[in-house]
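Shown next, in structure tokens, is the structure this report addresses.
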Amino acid sequence: MTVTAVIVLMWAVTYPARWLGLNLGRVRLPPFWLAFLQFVPVSVIAALIVPEVLGSPEWPRRLLASVVGGVIVWRSGHLALGILGGFAAYWAARALAG
């Protein structure tokens, strides 16, 4: 398969998906779907974070950092503070463990 064919096929898959997402903004969704879609970001974050935290040999430190970061985001509402707090907790746990 040539590079041009790969690019055209990637466009053929990506463009309709993006077009559909942009044009769905004009559609009124029923309350059930609105409630359902509110949980999509949380599910995606969990799907990305949980295997990375629990599948690691140093999972206790990563779990501590994740909990600290999550609590900071929950209490402050600032994502950047949560990320920095999680990093700080991870580095502190690593330093204390030796």
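The values are calculated or read from the model by the stated rules, or taken from the named source; none is laboratory data. This one's a predicted model, so the numbers in the text were calculated from it and none came from an experiment. Glycine also receives a Cβ, built like all others from the backbone with ideal geometry; neighbour counts cover every protein chain displayed.
Worth pointing out:
- Residues (more than 30 Å from Ala65 (Cβ to Cβ) and either loosely packed, with under 10 Cβ neighbours inside 10 Å or acidic (Asp, Glu) (or both)) located in the stretch 19-51: Leu20, Gly21, Leu22, Asn23, Leu24, Gly25, Arg26, Val27, Arg28, Pro30, Pro31, Phe32
- Pairs where the first residue, in the stretch 71-94, is over 16 Å from Pro60 (Cα atoms) and the second is surrounded by fewer than 14 Cβ atoms within 10 Å (Cβ to Cβ), C-beta under 6 Å, 6+ apart: Val73/Leu79
- Some residue of the stretch 45-58 being closer than 30 Å to Gly85 by Cα and in contact with an Asp or Glu (Cβ under 9 Å, 6 or more places away or on another chain): no
- Selected residue [among the small types (Gly, Ala, Ser) and at positive phi] from Gly98, Gly69, Gly25: Gly98
- Elements of type helices (runs of 4 or more DSSP H) contained in the chain, each with 2 or more residues being touching a helix residue (DSSP H, G or I) at 6+ places or on another chain (Cβ under 9 Å): 40-54, 59-76, 79-97
- Any chance Gly86 is surrounded by 14 or more Cβ atoms within 10 Å (Cβ to Cβ) and modelled with pLDDT of 95 or more: yes
- Options Val67, Val6: the member that is surrounded by 10 or more Cβ atoms within 10 Å (Cβ to Cβ), over 30 Å from Tyr90 (Cα atoms), hydrophobic (A, V, I, L, M, F, W, C) and at pLDDT 95 or above: Val6
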